[in-house]
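Here's the structure, in structure tokens; my notes come after.
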Amino acid sequence: MNQQALWDGVLALVALWVAWGPGRGMPALRLGASLVAAAAVLGTLRFSGLLPLPSLHQALSMFGAGVGLPLLGVAMVWPQGGVARQARYAWCFGIVAAVLCVLIAVLAELKLWPSATALLAVSAMLLWSLVRKHWWGVAAAASLLVALLCFAAKLALGPLAPGDVLHIGLALGLWLYAVWVRTLTAAGARQYITQST
């Protein structure tokens, strides 16, 4: 297995864990992380030579950036909102975002649309976390933002290609996002217990 497949595989495992672990109570988080995981699984298969279908991997990567990361943003910025908490609204948001990706990025050939929406979502997450002093959220959003900016700048770090830097940063950001969700859940449970006694 080469390095690209390895880091895509790490991202896939982390994203799947987030989707089916901490994301259980938040459909937007589960759907967003699942889209990132699907793109990473196809990337692992593509770069390991098992499924050399670059167009399919690129399509799912577009949805991961243009739909998945905005869903994560909605789940963080509006955690009690309908999109974050109700599956039907999360799916409606996801379908509308996917249609916009196809119309704008593919048909109108504005290739930067998924990257722009991903950067906007992650920037909103960072600002929201900073204002509320949710430091795990700040760390998660900052990691995601640095990963996206490094990839946009085609920054390679030593033996790591820009795609590797992206996948490592996304995996770290998703893991930190999961820690943030768990700390909020634990804090909410403690607050409920305190109010009940």
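Of the residues Gly32, Gly64, Gly73, Gly23, the single one that is buried (at least 22 other Cβ atoms within 10 Å of the Cβ), at pLDDT below 95 and assigned to a helix (DSSP H, G or I) is Gly23.
Considering every residue within the range 43-59, establish whether at least one is under 27 Å from Leu127 (Cβ atoms) and of a type outside the set (Phe, Trp, Tyr). Looking for residues that are under 27 Å from Leu127 (Cβ atoms) and of a type outside the set (Phe, Trp, Tyr), one finds none in the range 43-59, hence no.
Val106 satisfies every condition listed in (1) surrounded by fewer than 16 Cβ atoms within 10 Å (Cβ to Cβ); (2) modelled with pLDDT of 95 or more except (2).
The values are calculated or read from the model by the stated rules, or taken from the named source; none is laboratory data. Everything numeric here is computed off the predicted structure, so don't read it as measured data. For neighbour counting, all protein chains shown are included, and Cβ atoms are generated from backbone atoms with ideal geometry for every residue, glycine included.
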